[in-house]
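Chemist: Before anything else, here's the structure in question.
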Amino acid sequence: MRVPLSWLQEFVPLATVPRDHEGVRDLGRVLDSLGLVVEGIEHVGDGLDEVVLARVLEIRAIKGAERIRQVLVDAGGPEPAEIVCGATNFAVGDVVPLAKVGAELPGRFVIGRRTLRGVVSDGMLCSARELGVGGDESGLLVLASTGSPDGPLPAGVEAGMPLAEHLGIVPDAVFDIAVEPNRPDCLCVTGIARDVAARLKLPFVVEVPAVAPSGAPASGLASVAIDAPEACHHLLARVVTGVAAVASPPEVARRLILAGMRPIGAVVDASNYVMLELGQPSHPYDLERLGGHGLAVRYARPGERLVTLDGVDRVLGRHTDALGRTTDVEDLVICDANGVAIGLAGVMGGAATEIGDSTTRVVIELAQFAPVVVARTAKRQGVRSEASARFERGVDPEGLTRAADRFCALLAAAAAHGGARAPVVAPGDLDAHPVSTPRRHVRVRVGRVNALLGTTLGADEVEALLAPIGFLARRAEDVPRSDGEGDAISPRQDGTGQQDVVLDVEVPSFRPDAEREVDVVEEVARHVGYERIAATPRRSPFVGTLGARTVRRRRLRRVLTGLGAHEAWTSSIVDPSLVGRAGAQHPVVAIANPMVHEESVLRAHLLPGLLGALRHNVAHRNPALRLFEIGRVFVPMEGDGLPGESEHVGVLLARDGDDAASAVHVLGVVAEQMGLDREALVLDQEVPVPEPLVVLGTHPSRRALVRAGAGTSEVLGVLGEVDPRVLEEFGIAGCGRVGWLVLDLGALDEAPARDRRARPVSRFPSSDVDLSFVLDDATPAAALESALRTSAGELCESVRLLESYRGPGIPSGGRSLTYRLRFCAPDRTLTDADVAGLRAACIAAVESGLPATLRG
Amino acid sequence: MSSMEHVAAPQPGEVEAFETRATERVASVDDLASLDALVAELTGKRSPFALWKRSLGGLAHDERRAIGQELNEALARVDALVESRRALLAAVARAALVAADRLDLTEVVATPGAGHLHLVTQVREELEDVFVGMGYEIADGPEAETEWYNFTALNVPRDHPARSMQDSFYLATGDRESYLLRTQTSPVQVRLLERGALPLYAIAPGRVYRRDTADARHLPVFHQIEGIVVDRGVTFGDLAGTVETFVMAIFGTGIATRLRPAYFPFTEPSAEFEITCTICTGAGCRTCGQTGWIELGGCGLIHPAVLEASGVDPEQWSGFAFGFGIDRLAIMRHEIDDIRSFVENDVRFLTQF
């Protein structure tokens, strides 16, 4: 909402002068502290002192200079002024603006006497942009062309005349105010003036004199009707005849422009001016173009069409959503007496009944619509007008007649200014008012006000704060209470044991947002001033805690950074084409109203995002890196419910030498550092069919499911390598092998934990036994390791794979695996006989249980 | 005694002459091995000293005493000389070893280092720690939400203008607009209230979604932190004091806060909180639009309708909530000019923090 200072001053006697920037800023701060946030302040007509009209008398070249010329101008003085100028878009006889020496142009640019190429310049000829009166900076602002240095000047043009006077610029300041959705009363100048007056303890007066009606009664000229009373509570129309096609008076046009609207003609301008000033939208119709000379409000028939003022042919009464589902909906239309739709109620008028130059008889329509109806239609139609913005928040139900009066007064003033005959207001308003809106009463406990705000206000103070903004508070005992009004509350004892004072507060008609006690409490707080409510510390009675989950996530992040991985953050909303690119197709959760197709489904997997991040870095010649991400992934659930949501960690290993083995190493470190029972984790390379989603994008023969234990069906995640085909799809095949680990953190949190009790460490020497077995490729090393662990028994401290060998001496289809077993007893030094026995037991167990033979 | 060879006692001047020669030879030895060999020759079992000592038994008492003393003194001097020579040679040998072992530590071939946490994680953890220090717990909720938790229970019924304030991504599942990606962390408030354990002091950091076009200042996916306090007798003044406390903990004691009225459907009274501009510390600059203040987040007393929707009696309990953007805070602090750097995951960016 753009609010000119001069307009505010019509209703509040503010002493602020537009030229006083500091004073204007102070007023801005008052607005801010009322919650009317000033997003910008524009100063109009600033920097035009010492800028005058000048007629070009002669243009001379300057020796040795190509881009600048000397210009002699008549600026009203006895002698021509000599100016050096770089522009070329003007000729002798043209009238242009001259900023004289000493002028301070917008942006604090001070004009001084300068010498260029030995030629003195006594000021500067200016473009519109330099003066802040327009956007054109391609050349000088040429105000008139006379063709010769001494020909006659057009009317209103005079050499030496101040530019501001010539352009009719009046100094003003415009506040650009962001009005919160709960403050429909502040979508107009008077509403903002009321709040400011209350805060500054200044009087606030709105006087709208009625124009005396005469001639034939309105009821004989036109009619109004409401066929949808639940959507249109009040429809008021007034007929004005003898309307001349004149322009608005300069002050009206000037304010409309400052407020961001374009002056069109007296009738439309008056309607807009009333809306900006009083907050009530209205719509003027040409009576001649109004079928049956009447207005009615009804719901649109499904599929009914209407061309609105913006030229858009709209389908009403039916809505098709982003998924292509069509439903019948309630769009409210204004129609003529023949039932033909002529406007989208509360949103935008139709093109057919527009006011034109030939219009002499005007019907002005003012209405009160149900906010929800207007909001839905505006949203569905994707159009938000000044009118719909007001109707969907709620206009003052008591403001229709006053707005009609103001409209008529503005029409009369425009006619008088334009030298036209005064328009005639037909007696008798056309008024359909099926639903009245009584003023709401809210009970407010003064004790409650203080309890919520931490203040110590008396009942009188509360009343005094509320009265200037139209909230009339009286002691509740003076007011008979009707049932169902306001909050069901009872007086309370306050700390001093005194009876709490209960106020009956009548909410003004323009504050539909104030529904209950707490809404009035906020008004009190606003007018006390938030900055004057003392800050008090409040201590939590608890010991703060990160909680187990956050602690575990933090630890995991640090383990992974310790392994050299950087933490990435990729979007949860992804391109559906990625789904196929990272491997098999799978069902995804789609967004009903995406911005773009490339961001229209929820990720089901972290791999595509991290591959995208890797690709970015590869493109910037940083291919050797490790990345991880912790984030949510989503899968559709059966039965149309909320999607299944889980938290995953994905680790992409693309350093030189990284491969599936690196992923196994990362899992081992993670398991150890996260306190998991490392031995309980099982790597299962037999992936069931159909493949679980989590294996997406992995190398089919270099991957394994991570299970929480042998024989469990629960899958913690997957590790291995990214499928080379997928790398190729992402254009990063040159990365070589890329290791990959993904774990479901919810499952990981539940995975078996390591026994936390301490095991004593033996003080006796240990003995190592190295054993090499030839094992065929079909048998996993894990089986051999597990057989060794079992047979080695309690004296075995560790089992470690030292070497895997293929080649001469080993039959093809197999490999030799060398393990080192370390034995140690807690209470003695093991003898050679002990170790030999253990060795023999291990060999026997392996050879009898597995297709393995000891390598000689 | 028959096996003993006959040994002659030193002639006068003989000991002194020998000592002089020994001294010269010790001083000229320049490695430890030669020194050891020389020591055996000069003072060992077959050295003149040893032989001379053996001869003392055949001398008269007085002579024996005098020569014995002369021998002992000479031997002690030679020993001392040997030890000092040994120390010197050991030092020289070690110096040579050390010199040979020299490594230019500026020519080390780089090996990969530790990874970096994302800046947003670092800021988030810092905020979590501040609130844990203030006695809050950390809570969490789903990112895909029902319209009940994201809107209705927060006093934003269907068709409320506030629903279009924050353009939402709705999911193509269920009835029209029944599921969405949460537009704020506030649904966690409702889940906490439903838990029913009061008093409540909690924060909920997490990822949220708004239907915004990505540009230098906006991403459709970003991170917020939400705080909620419900207790008996909580006031607006308590809210102001709490905001002041955590802002000072995060930004330092020189940073002030102020509240100004705003509108959020789930709080009443509602406020935006602003802090002293951290760039110019209040003097006025481009970042703060010359005002000296920058807006950090929203807050307010929890609307009684929100408490009621979760079965909490607003006559018994009151509370406040606040929220602000984690990414925005990171951007402000590190003067990042394009928020899209966060999702690009360029290592040249990630490794700066």
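Chemist: Say the dipole of segment A:767-854 comes from +1 at the beta carbon of Lys and Arg and -1 at that of Asp and Glu; which of A:Leu784, A:Ala840, A:Ser798 then lies farthest toward its positive end?
Modeler: Working it through, the farthest residue towards the positive pole turns out to be A:Leu784.
Chemist: What translational D, rounded to a whole number of µm²/s, comes out for segment A:51-167 from Stokes-Einstein when the hydrodynamic radius is the Kirkwood one over Cα pairs, at 10 °C and 1.306 mPa s?
Modeler: For these conditions, the coefficient is 112 µm²/s.
Chemist: Roughly speaking, to the nearest percent, how much of segment B:14-107's 1.4 Å accessible area is carbon and sulfur?
Modeler: 56 percent
Chemist: Here's something else I'd like to know. Rounded to whole Å and sorted largest first, list the principal axis extents of the Cα atoms in segment B:119-350.
Modeler: 46, 43, 30
Chemist: Hey, another quick one. I need the phi-derived Karplus couplings for segment B:27-37: 6.51 cos²θ - 1.76 cosθ + 1.60, θ = phi - 60°, integer Hz, Gly and Pro marked x.
Modeler: Per residue, the Karplus-derived 3J(HN,Hα) values read 5, 9, 6, 10, 8, 5, 5, 5, 5, 4, 4 Hz.
Chemist: Then there is this: Where the Cα atoms of segment A:547-750 are projected onto their three principal axes, how long is each span, largest first, in whole Å?
Modeler: Per principal axis, max minus min of the Cα coordinates gives 46, 45, 36 Å.
Chemist: Kindly state, as a whole number, the per residue volume in cubic angstrom of the convex hull around the alpha carbon atoms of segment A:299-381.
Modeler: Taking the convex hull of the Cα positions in segment A:299-381, it is 100 Å³ per residue.
Chemist: What figure in square angstrom, to the nearest 10, would you give for the accessible area of A:Cys85 with a 1.4 Å probe?
Modeler: For A:Cys85, solvent-accessible area is about 10 Å².
Chemist: Each residue of segment A:451-460 in order: what ³J(HN,Hα) in whole Hz does its phi give by Karplus 6.51 cos²θ - 1.76 cosθ + 1.60, θ = phi - 60°, with x for Gly and Pro?
Modeler: Residue by residue, segment A:451-460 yields 5, 7, 8, x, 10, 10, 7, x, 4, 5 Hz.
Chemist: Let me ask something additional. For segment A:685-813, what Kirkwood radius comes out of the mean inverse Cα-Cα distance, in Å?
Modeler: 18.4 Å
Chemist: Give the cysteines in chain B for which no other Cys Cβ lies under 4.7 Å away, or write none if there are none.
Modeler: So far as the 4.7 Å Cβ criterion goes, B:Cys299 stand without a partner in chain B.
Chemist: Once ligands and nucleic acids are excluded and a 1.4 Å probe is used, how much of B:Leu88 is accessible, expressed in Å² to the nearest 10?
Modeler: 90 Å²
Chemist: Taking the Cα centre of segment A:767-854 as origin, sum charge times position over the Cβ atoms of Lys and Arg (+1) and Asp and Glu (-1), and report the length of that vector in debye to the nearest 20.
Modeler: 160 debye
Chemist: Oh, and also: To the nearest hundred square angstrom, how large is the accessible surface buried between B and A, total for both chains, probe 1.4 angstrom?
Modeler: Using a 1.4 Å probe on protein heavy atoms, the buried area is about 7400 Å².
Chemist: Another question, then. Over segment A:51-167, what is the mean sequence separation of C-alpha contacts under 8 Å (at least six apart), divided by residue count, expressed as relative contact order in percent?
Modeler: Here the relative contact order equals 31 percent.
Chemist: Rounded to the nearest 500, what is the 222 nm mean residue ellipticity of chain A from helices alone, with -39500 (n - 2.57) per DSSP H run of 4+ residues and division by all residues?
Modeler: Computed mean residue ellipticity for chain A: -7500 deg cm²/dmol.
Chemist: What translational D, rounded to a whole number of µm²/s, comes out for segment A:677-733 from Stokes-Einstein when the hydrodynamic radius is the Kirkwood one over Cα pairs, at 25 °C and 0.890 mPa s?
Modeler: My calculation gives 204 µm²/s for D.
Chemist: What does the charge count near A:Leu8 come to, summing +1 for each Lys or Arg and -1 for each Asp or Glu among other residues with Cβ under 12 Å from its Cβ?
Modeler: Summing Lys/Arg as +1 and Asp/Glu as -1 gives -1.
Chemist: For segment B:119-350, what is the percent of antiparallel DSSP beta bridges, rounded to the nearest 5?
Modeler: Close to 95 percent.
Chemist: Still on this structure, please answer the following. Given all pairs of different Cα atoms, what value in angstroms does the Kirkwood hydrodynamic radius of segment A:597-696 take?
Modeler: Its Kirkwood hydrodynamic radius stands at 16.0 Å.
Chemist: Would you tell me the accessible area of B:Asp175, worked out with a 1.4 angstrom probe on the heavy atoms of the protein chains, in Å² to the nearest 10?
Modeler: Here the residue's solvent-accessible area equals roughly 120 Å².
Chemist: Let me ask something else about it. Under the definition of Cα pairs under 8 Å and six or more residues apart, what whole-number percent is the relative contact order of segment B:181-337?
Modeler: Value for segment B:181-337: 24 percent.
Chemist: Turning to a different aspect of this structure: Along the principal axes of its C-alpha atoms, what lengths does segment A:218-432 span, in descending order and rounded to whole Å?
Modeler: 57, 39, 31
Chemist: Still on this model: For chain B, what relative contact order do you get, as a whole percent, if you take Cα pairs closer than 8 Å and at least 6 residues apart?
Modeler: Once normalised by length, the contact order is 14 percent.
Chemist: Still on this model: Spelling out what I want: for every residue of segment B:82-96, take phi, set θ = phi - 60°, compute 6.51 cos²θ - 1.76 cosθ + 1.60 (Karplus), and round to whole Hz; glycine and proline get x.
Modeler: Going residue by residue, I get 4, 5, 5, 5, 4, 4, 5, 5, 5, 5, 5, 4, 5, 4, 5 Hz, with x marking Gly and Pro.
Chemist: Which value in deg cm²/dmol, rounded to the nearest 500, describes the helix-derived mean residue ellipticity at 222 nm for chain B, given -39,500 (n - 2.57) per DSSP H run of n ≥ 4 and division by the residue count?
Modeler: Dividing the helical sum by the residues of chain B leaves -12500 deg cm²/dmol.
Chemist: Can I ask one more? What's the center-to-center distance, using Cα atoms, between segment A:272-287 and segment A:30-84 in Å?
Modeler: Answer, in whole Å: 38.
Chemist: Which cross-chain or sequence-distant (5 or more) residues have an amide H under 5 Å from the amide H of A:Leu141, H modelled 1.01 Å from N in plane?
Modeler: Answer set, sorted by chain and number: A:Cys126, A:Ser127, A:Ala128.
Chemist: For A:Lys100, list the aspartates and glutamates whose Cα falls under 17 Å from its own Cα; do not include residues on the same chain fewer than 8 positions away.
Modeler: List returned: A:Asp46, A:Asp49, A:Glu50, A:Asp74, A:Glu79, A:Glu82, A:Asp122, A:Glu130, A:Glu158, A:Glu165.
Chemist: Then there is this: Given a cut-off of 18 Å, what percent of all Cα-Cα pairs of segment A:186-304 lie beyond it?
Modeler: Percentage above 18 Å: 67.
Chemist: What shape does chain A have by the C-alpha gyration tensor, where a ≥ b ≥ c are the square roots of the eigenvalues, rounded means a/c under 1.5, and otherwise prolate means a/b greater than b/c and oblate the rest?
Modeler: prolate
Chemist: Under 5 Å between amide hydrogens, which residues at least 5 positions from A:Gly814 or on another chain qualify, with H placed 1.01 Å from N in the peptide plane?
Modeler: A:Asp777
Chemist: For segment A:713-775, which trypsin sites (Lys or Arg not before Pro) pass both filters: DSSP loop (anything but H, G, I, E, B) and at most 15 other C-beta atoms within 10 Å?
Modeler: A:Arg754, A:Arg756, A:Arg757, A:Arg763
Chemist: Compute the convex hull volume of the Cα atoms of segment A:792-856, divide it by the residue count, and report the result per residue in Å³ as a whole number.
Modeler: Taking the convex hull of the Cα positions in segment A:792-856, it is 94 Å³ per residue.
Chemist: Continuing with the same structure: For segment A:516-649, what ratio Rg/Rh do Cα atoms give with a Kirkwood hydrodynamic radius?
Modeler: Over the Cα atoms of segment A:516-649, Rg/Rh equals 1.18.
Chemist: Nothing charged except the Cβ atoms of Lys and Arg (+1) and of Asp and Glu (-1): what's the magnitude of the dipole of the protein assembly as shown about its Cα centre? Round to the nearest 20 debye.
Modeler: 1780 debye
The values are calculated or read from the model by the stated rules, or taken from the named source; none is laboratory data. Because the structure is a prediction, the values reported are computed rather than measured. Every residue, glycine among them, receives a Cβ derived from its backbone with ideal geometry; neighbour counts consider all protein chains shown. Note: areas computed on protein heavy atoms with side chains; ligands, DNA, RNA excluded. Shrake-Rupley method; radii C 1.70, N 1.55, O 1.52, S 1.80 Å.
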